[in-house]
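As structure tokens, the structure follows; a few thoughts come after it.
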Amino acid sequence: MTTVSSTSISTTLTTPTTLPGPIPAAHGPQPGMRLRELVFGAACAAAVRAAARLGVADALGETPATAAELAAALQCEQQPLQRLLRALSCYGIFTETEDGTFVHTEMSRLLREDDPHSLRYIALWCTEPWTWQVWPRLDDAVRSGGSVFQEVYGKGFFDYLHQDAHESAHVFNRAMTTSSMQSALDVADLLDLTGVSVVADIGGGQGHVLASLLEKHPTVRGVLLDLPGVVAKADPRLREGGQLAERAAMVPGDCRQAIPVEADMYIIKNILEWDDESTRRTLANVVAAARPGARVVIIENLVDDSPSMKFTTAMDLLLLLNVGGAKHTKHSLCTRMEDAGLLIGEIRPVNAYLHAFECTVPG
Ligand SMILES: C[S@@+](CC[C@H](N)C(=O)[O-])C[C@H]1O[C@@H](n2cnc3c(N)ncnc32)[C@H](O)[C@@H]1O
């Protein structure tokens with residue numbers, strides 16, 4: 001990946017006047033043009049990906065910069081970079097000023113690696129090379145109702161990721177880190193851990209949710225279960241020498257095979273999005289491991305109750321393609337919990353895009 005100097009471009013130009021941008025039709029583009037724009041969605045995704053990989057947002061500082069200045073900093077060609085920036089400006093990612101320089105917008109700032117709300121790795125994750133191989137097979141997946149990943153790559157998605165696509169696995173971990181860190185504090189705020197001595201995060205990624213909970217509750221102990229390659233890179237706070245390490249245990253494993261963890265509360269966040277059989281086995285393993293009365297909190301994005309339907313439904317289709325999975329509706333998630341024998345309690349929003357389903361393991 002291109003490395004960008006940490007020094008952002010700085011010029012002596014004064015505050016720019018931004019161009020008005022393309023003149024909007026009274027009620028947005030006509031259907032014919034809107035459809036043309038939509039079918040070029042790949043161009044938009046590719047442009048965002050290119051900007052993220054080149055590090056354009058990191059190179060552009062608070063002062064306006066010309067394409068020539070940016071190209072020099074990024075060691076690329078000026079004309080193509082200008083074309084890339086112009087294309088992105090149409091979507092509100094960077095803005096071109098009247099004097100031909102470029103400045104940040106709210107969205108382009110989110111592509112900076114150092115932005116506190118950075119979406120750089122999410123942008124890369126959603127446009128990784130394997131996504132471009134599977135999207136053209138969406139009609140096949142709709143016909144068959146299942147993943148196309150095995151046919152395209154000859155193995156399952158996570159095996160491919162960890163065995164053959166190390167950069168993609170790294171991007172995945174960074175993207176999950178971003179989204180976990182952004183939602184971990186919301187989860188810690190929402191969950192009442194009264195009476196909980198041990199909390200387990202099943203498929204907990206690098207353990208950001210767990211670390212937030214342990215930080216908030218100094219007497220609680222935690223267990224992180226995820227695939228071996230993932231727990232090996234767990235949040236440094238949880239690992240040996242980390243400030244929470246004495247209260248944290250790592251369990252490398254496959255939650256579809258077994259969940260050898262005794263806890264008072266099990267968290268399962270953004271996991272039950274794969275195929276139904278994996279969901280069935282994971283929930284059955286939690287129920288088998290847990291004592292009667294233990295709490296199970298399932299946290300998911302919903303496709304039927306979300307203010308961000310375009311994003312959630314796009315993820316839903318990608319899950320169909322890569323793991324034969326799905327984002328859930330409230331009803332489909334409740335059905336799976338009931339099938340596993342869990343007693344469903346309160347269902348509450350965690351934040352604008354996640355819901356928590358409180359369940360109990362019956363006696
Ligand atoms: C979408 S991420 C969610 C991570 C975390 N729960 C969160 O919300 O931030 C899915 C996680 O499931 C893990 N995973 C995938 N297959 C698994 C398996 N068979 N057993 C345990 N974890 C698995 C992945 O490694 C990844 O960390």
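Some observations on this one:
- Vicinal HN-Hα couplings computed from phi for region 242-259 (Karplus, 6.51 cos²θ - 1.76 cosθ + 1.60; Hz; Gly/Pro x): x, 5, 10, 4, 5, 9, 10, 10, 9, 10, x, x, 10, 5, 7, 8, 6, 10
- Here the spin labels are modelled as points 7 Å beyond Cα on the Cα-Cβ line, and at residue 284 and residue 83 they lie 5.5 nm apart.
- Relative to the longest principal axis of the Cα atoms of the chain, the long axis of helix 78-89 lies at roughly 60 degrees.
- Under 5 Å, built H, 5+ apart or other chain: amide partners of residue 296: 266, 359, 360, 361
- At the listed q of 0.16, 0.22, 0.23, 0.24 Å⁻¹, the Debye profile of region 31-116, built from one uniform point per Cα, gives log10 I(q)/I(0) equal to -0.59, -1.04, -1.12, -1.20.
- Under 13 Å, Cβ to Cβ, from residue 101 - net charge with Lys/Arg +1 and Asp/Glu -1: -4
- Net charge over other residues, Cβ less than 12 angstrom from the Cβ of residue 89 (K, R count +1; D, E count -1): +1
- For region 233-342, the list of GluC sites (Glu not before Pro) that fall in a loop by DSSP and count at most 13 other C-beta atoms within 10 angstrom reads 240, 262.
- Separation of region 293-318 and region 45-101, taken as the distance between their Cα centroids, equals 34 angstrom.
- Eigenvalues of the alpha-carbon gyration tensor of region 129-360, scaled by 5 and square-rooted, set the equivalent ellipsoid semi-axes at 28, 21, 17 angstrom, largest first.
- Approximate spin-label separation residue 245-residue 216, in nm, with each point projected 7 Å along Cα-to-Cβ: 2.6
- Taking each DSSP H run with n ≥ 4 as -39500 (n - 2.57) and averaging over every residue of the chain yields -12500 deg cm²/dmol at 222 nm.
- Among 43-49, 32-38, the order from most to least packed when residues are scored by Cβ within 10 Å on average: 43-49, 32-38
- Neighbours of residue 175 by Cβ distance under 10 Å: Lys/Arg scored +1, Asp/Glu scored -1, total +1.
- Spin-label model, residue 98/residue 62: points 7 Å from Cα along the beta carbon direction are separated by 2.4 nm.
Only the coordinates and a few stated rules stand behind these numbers; no lab work does. Here the structure is a predicted model, which means the values were calculated and not measured. Note that each Cβ is placed from the backbone with ideal geometry, even for glycine, and that neighbours are counted across all protein chains shown.
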